[in-house]
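The next block holds one structure in the form of structure tokens; read it before the comments.
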Amino acid sequence: MLMKRRIGAGLLAGVLLLTGCSAGSDRGATRSSDHGAPDRGAPPPPAASPAPGAPETPGAPEAPDRLSTFALDVDTASYGYARRALAEGRLPDPADVRPEEFVNSFKPDYPRPKDNGFSVTVDGARSDAAGWSLVRVGLATRPSDGERPPAALTFVVDVSGSMAEPGRLDLVKESLGLLADRLRDDDSVALVTFSSEAETVLPMTRVGGNRERFHDVVDALATSSSTNVEAGVRTGYDVAVEGHRKGATNRVVLLSDALANTGDTEAEGILERIDTERRRYGITLFGVGVGSEYGDAFMEKLADKGDGSTTYVSTPGQARKVFVDQLPAHVELRARDAKAQVAFDAKTVESFRLIGYENREVADEDFRDDRVDGGEVGAGHTVTALYAVKLRPGKSGRVATATVRWLDPATRTPHERSGTADTSALTAPIWGDGHDSLQLTAIAAYFADRLRGGSMPGAPALSSLAARAGALAERARSASVRELAEAIRRADGLGESTDPYAG
């Protein structure tokens, strides 16, 4: 269980959302290294020590409070739901705003590794607050080459009364219909529905020769009565276990507004079942949220425990990106139980703050304990963490060393890779030329932090932030960045505080 959890105008045109978009990468002082790690189950070394066989990192901090450790997260639901709320003329609940999901909704073009591990990019720039800089840690996996293993997908579909609202079950049905035509013949699908009770309407079935059958089952879905998410998840995992395929990517896909009102309505009561099957069979959970009223926190807890991720869709276009562009490509896993640990050098860093990831924090001493859950990362994913860092005046040298640790999905062999940044990487101003990728990360983080009532150092007023996002969208000719600018403008118009943090 998780305890803690460059672009010029040409290149920026590739900025896209995770549900189909990508962005570029800024220049920065980065050094990466790859090395093995202790066998699973072995006593973990001290959190700040290098893995066996790796050279010691010069200037590595010894004090535990110089470490930041968290499980990787590729969720994007919080950003999608916030955009919908703003489009409807209301501010999102601050409790539903998770900055890491705003940031990870955009996909910087970090260098990609040639193997199945991670690349590590560490860069940054000076913020507008005196003494404060932004340090970005970017992790990326190699995209799928089309040779992925087969998938065994169990779809658990909410057909409760609340799903009758336009943009809920109708959108789910359209999404599944699109997906059916994109899956391979050697993939398998099953379908479970739930309202007050759960029903298996299609057992695990090979796609080849059965596409029309799957279409017919989906077309026949209709709403009824209350929402018993517990029954749906429990039955879905039963079906996934029964239809488990060795050597395949076995996944439960939950499609719901997550407004549980029957059975066990607390996520914690369902988590034990998910955890047991995740560990025993490697079955992971992908949560897809729908609806103007959506149980965001509930769905996120389920996906976190299920070693999976969440997203949110409210339009056919978004559904197409998730089910046509994203899901088929990302059933290929690159890493299980992936964690990151960033060590800040006490000689150059006075203080630091990770923006977001509060519910993904991991105890520093558990970084190399592979019994402690991390995150699941698929092919072609990126993960970004942004830090506000206050540097010591006049000091130079190493600022941070970022290390990612993960388990091979098939063998569960642990691996690590690291990258570093020095003070020389933080001399340019964040809003200067040549930092478009980093600016996009900063805009998303500043926006999310302001929506939840935070005060990041150097945060512009929302009106200024919207203008910067708009200029970035024009340079990029990017619809997704244009949507971000519009969301910020809507928040500003709804009376959200625009007083910048003075530092």
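General observations
- S480 meets the stated requirement of being open to solvent by less than 10 Å² (accessible area, probe 1.4 Å) and in contact with a strand residue (DSSP E or B) (Cβ under 7 Å, 6 or more places away or on another chain).
- Matching residues, the range 452-473, being part of a helix (DSSP H, G or I) and open to solvent by less than 10 Å² (accessible area, probe 1.4 Å): L462, L465, A466, A469, L472, A473
- Residues in the range 264-293 that are part of a loop (DSSP other than H, G, I, E, B) and open to solvent by 10 Å² or more (accessible area, probe 1.4 Å): D264, T265, E266, G282, S292, E293.
- Residues of the range 415-441 classified as of a type in the set (S, T, N, Q) and within 26 Å of the chain's Cα centre (by Cα), total: 5
- Residues located in the range 471-490, provided they are more than 23 Å from the chain's Cα centre (by Cα) and closer than 22 Å to R90 by Cβ: R489, R490
- Verdict on K114 being at pLDDT below 95 and crowded, with 24+ Cβ neighbours inside 10 Å: no
- In the range 474-488, the qualifying residues are those that are charged (D, E, K, R) and in a helix (DSSP H, G or I), and the one that is nearest to L86 (Cα to Cα) is E486.
- Answer residue from the range 189-216, given it is farther than 17 Å from L178 by Cα and of a type in the set (D, E) and is surrounded by the most Cβ atoms within 10 Å (Cβ to Cβ) among those: E197
- Among the residues of the range 156-200, those identified as part of a loop (DSSP other than H, G, I, E, B) and either touching a His at 6+ places or on another chain (Cβ under 6 Å) or farther than 15 Å from R320 by Cα (or both) are V159, S160, E165, P166, R184, D185, D186, D187, S195, S196, E197.
- Any hit, the range 158-171, residues being closer than 18 Å to L285 by Cβ, modelled with pLDDT under 95 and surrounded by fewer than 23 Cβ atoms within 10 Å (Cβ to Cβ): no
- Cross-chain or 6+ apart pairs with Cβ under 6 Å, the range 295-315 first and farther than 13 Å from Y81 by Cβ and part of a loop (DSSP other than H, G, I, E, B), then modelled with pLDDT under 85 and of a type in the set (K, R): G306/R278; D307/R278
- When residues in the range 217-227 are screened for being more than 23 Å from P150 (Cα to Cα) and open to solvent by 20 Å² or more (accessible area, probe 1.4 Å), 7 of them pass.
- Residues in the range 288-307 that are under 16 Å from E268 (Cα atoms) and not charged (D, E, K, R): G295, A297, F298, M299, L302, A303, G306.
- In the condition set (1) open to solvent by 20 Å² or more (accessible area, probe 1.4 Å); (2) closer than 19 Å to V74 by Cα; (3) modelled with pLDDT of 85 or more, K321 is compliant with all but (3).
- Scanning the range 219-263 for residues that are part of a loop (DSSP other than H, G, I, E, B) and among the small types (G, A, S) returns A220, A222, S224, S225, S226, G243, G247, A248, A258, A260, G263.
- Enumeration of residues in the range 324-344 that are more than 18 Å from D73 (Cα to Cα) and either open to solvent by less than 10 Å² (accessible area, probe 1.4 Å) or part of a helix (DSSP H, G or I) (or both): V324, D325, P328, F344
The values are calculated or read from the model by the stated rules, or taken from the named source; none is laboratory data. Computed from a prediction, not measured in an experiment: that's the story for all the values here. In this analysis, Cβ positions are derived from the backbone assuming ideal geometry, glycine residues included, and neighbour counts consider all displayed protein chains. With ligands, DNA and RNA removed, areas are computed over all heavy atoms of the protein, side chains included. Shrake-Rupley method; radii C 1.70, N 1.55, O 1.52, S 1.80 Å.
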